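Scroll down for the structure; my scribbles are underneath it.
The numbers here are math on the coordinates, done by the rules we state, and not lab data. From a predicted model like this one, the values you see are computed outputs, not experimental measurements. Ideal geometry is used to build each Cβ from the backbone, glycine not excepted, and the neighbour counts take in all protein chains shown.
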Amino acid sequence: MTDELDRLRAALQEAPAEPFAEPDLERIFKDGGRIRRRRRFLTSSGAAVAVVAVVFGAAWLGSPGGAPEQVHAAAAPPPSVMTTSTAAPAPASTSAEPRPLGDVISTGTYSDGAELVFYATEIDDPDNLPAVQFGVMASLSEPDGNLRPLYLANESEGRDRSFGFHATSGGTTVSDTWVPVYGYFSGPAARIETTVDGRTVPAHTARWSEDPDVVVFWFDQDDVPSAESATPLVAYSADGKRLTK
């Protein structure tokens, strides 16, 4: 037992074959700094990706499928004139002072001493409306004969004189004047009517003096209060034949 203890003491007193190297503290700190910087970079990169995803997501959500509907940047009519069409409302190109093409159509309805009238007026917008040359203006005819335009309805797709109904609009108040539901039919219509709440309502009609195949029609306010209620519109020929489905 004494011999073993002596040998253990001798072994502990012997110097190691290779001395222990002192730790390289400078290298350890540098490596640690690189690791910390790399972690910060990865964290920052993740945040950047998240922001980009949100931005692109917002842009995508703001652009519904399909091209947005176009609004024609045409010369607008006077401020007092409200413009519409058979599609979504879009300014139609007219002259600064819309003048009648052909005769003015009387309605027998008055507002503030002026008669509500209709007349065709020129549309000159070959870039946006190449097949549309006219629209129908609702206007007030003053006692002195001057016309005060209120509301213009025109075709916005296809040809303005293709067979059938066009530019049905109105049913609104403009400058304190009620503009009735109106439009025009291209074809040999002698009678035009609609159905509201199960009741058949006939329209007032008048042929355009420049083209008798164009029939302007309008309804009384009490019978047809809005354009949406004037469906379906039906046209009949002079012999009672139904012209539309």
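Listing for the model above:
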{"quantity": "Residues being closer than 19 Å to Tyr119 by Cβ and surrounded by fewer than 24 Cβ atoms within 10 Å (Cβ to Cβ) - total across the stretch 186-201", "calculated": "1"}
{"quantity": "Residue that is surrounded by the most Cβ atoms within 10 Å (Cβ to Cβ), among those in the stretch 221-245 that are among the hydrophobic types (A, V, I, L, M, F, W, C) and assigned to a strand (DSSP E or B)", "calculated": "Ala235"}
{"quantity": "Residue in the stretch 202-223 that is farther than 26 Å from Thr177 by Cα and in contact with a Lys or Arg (Cβ under 6 Å, 6 or more places away or on another chain) present", "calculated": "no"}
{"quantity": "Residue match in the stretch 184-205 (condition: of a type in the set (Gly, Ala, Ser) and outside any loop (DSSP other than H, G, I, E, B))", "calculated": "yes"}
{"quantity": "Tally, over the stretch 209-220, of residues that are in a loop (DSSP other than H, G, I, E, B) and either loosely packed, with under 14 Cβ neighbours inside 10 Å or in contact (Cβ under 8 Å) with a residue 60 or more places away in the chain (or both)", "calculated": "2"}
{"quantity": "Enumeration of residues in the stretch 193-212 that are within 23 Å of Ser106 (Cα to Cα) and touching a Ser or Thr at 6+ places or on another chain (Cβ under 6 Å)", "calculated": "Glu193, Val201"}
